[in-house]
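Q: I am attaching a structure below and will ask some questions about it afterwards.
The values are calculated or read from the model by the stated rules, or taken from the named source; none is laboratory data. Here the structure is a predicted model, which means the values were calculated and not measured. Virtual Cβ from ideal backbone geometry, glycine too; neighbours counted across all protein chains shown.
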Amino acid sequence: MPTIVHGFDWPDRVVVGTIGNPGARTFYLQARDGARLVTVALEKEQSAALAEKIDEILDGLIANENTSITVPAVTPVELVDNEPLEQPVEPQFRAAALSLGWDPSTAQIVIEAYPFVEADDDSTDEFGEPLPDSRAVEFEPEEMLVVRMPVGTARAFADRTLEIVGAGRPICPFCGTPMDPDGHVCVVPDGF
């Protein structure tokens, strides 16, 4: 069966947002075009990595003397989006993998999100070990999300995402683990 592609070429809105309290938040990538809304569940680490890599691509374009497009170094004020996720938040799938790219023909950042794919029993041997590539079965996801966004929207997306990721529990300066609001038992390394 062919993959269902939830494509957004010029979305009206694309954001990462959360539901829940710090320490128990669930992250979502949400894209809207008119009345069409698609939501994908993400991990916090996926959200942070996505935003950081978008910033790297945009900063690389700014530094490239041969680029013919204007890339904002900061989020344009008119693109700041501090609104919550749109309701209802009903994820299409949980993202297992994300890919990120640059389309120079449209001057857009491209995000692709893929769901977890259940392996067939034919992909492992009798001990549950993966088969060598020559005998492995190709997996095709049932669906995927593809979002294309111009550079200003991409900068706003990255800034918002990094702000949301950073709004979680504070990090202990001694042990580097998140501190719970109910208290924190810090295991201080030797020498401190």
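Q: If you go through the range 157-192 one residue at a time, how many are more than 18 Å from Thr39 (Cα to Cα) and touching a residue at least 12 places away in the same chain (Cβ under 8 Å)?
A: 17
Q: Residues to consider are Glu129, Glu90; find the one that is more than 23 Å from Ile54 (Cα to Cα) and at pLDDT below 95.
A: The conditions single out Glu129.
Q: Can I ask one more? Select from the range 87-119 the residues that are exposed (fewer than 15 other Cβ atoms within 10 Å of the Cβ), of a type outside the set (D, E, K, R) and over 17 Å from Thr161 (Cα atoms) and list them in ascending order.
A: Across the range 87-119, the qualifying residues are Gln87, Pro88, Ala96, Ala97, Gly101, Pro104, Ser105, Thr106, Phe116, Val117, Ala119.
Q: May I ask you to say which residue of Pro84, Pro72 is part of a loop (DSSP other than H, G, I, E, B) and more than 28 Å from Ser105 (Cβ to Cβ)?
A: Pro84
Q: Another one. In the range 22-51, what residues are out of contact with any Lys or Arg (no Cβ under 6 Å at 6 or more places or on another chain) and either surrounded by fewer than 14 Cβ atoms within 10 Å (Cβ to Cβ) or among the small types (Gly, Ala, Ser) (or both)?
A: Once the filter is applied, which keeps residues that are out of contact with any Lys or Arg (no Cβ under 6 Å at 6 or more places or on another chain) and either surrounded by fewer than 14 Cβ atoms within 10 Å (Cβ to Cβ) or among the small types (Gly, Ala, Ser) (or both), the range 22-51 yields Ala24, Ala31, Gly34, Ala35, Arg36, Glu45, Ser47, Ala48, Ala49, Ala51.
Q: Another one. Please enumerate the residues belonging to the range 1-26 that are within 30 Å of Arg169 (Cβ to Cβ), under 17 Å from the mean Cα position of the chain (by Cα) and touching a residue at least 60 places away in the same chain (Cβ under 8 Å).
A: Arg13, Val14, Val15, Val16, Gly17, Thr18, Ile19, Arg25
Q: Moving to a separate point now. Please go through the range 27-48 and pick out each residue that is part of a helix (DSSP H, G or I) and free of Cβ contacts under 8 Å to residues at least 40 places away in the same chain.
A: Glu45 - this is the single residue of the range 27-48 that is part of a helix (DSSP H, G or I) and free of Cβ contacts under 8 Å to residues at least 40 places away in the same chain.
Q: Out of the residues in the range 62-86 meeting the condition of being of a type in the set (D, E, K, R) and at pLDDT 95 or above, tell me which one is surrounded by the fewest Cβ atoms within 10 Å (Cβ to Cβ).
A: Among those residues, the one meeting the criterion is Glu78.
Q: While we're here: Counting only residues that are part of a loop (DSSP other than H, G, I, E, B) and small (Gly, Ala, Ser), which one in the range 165-182 is farthest from Glu43 (Cα to Cα)?
A: Gly176
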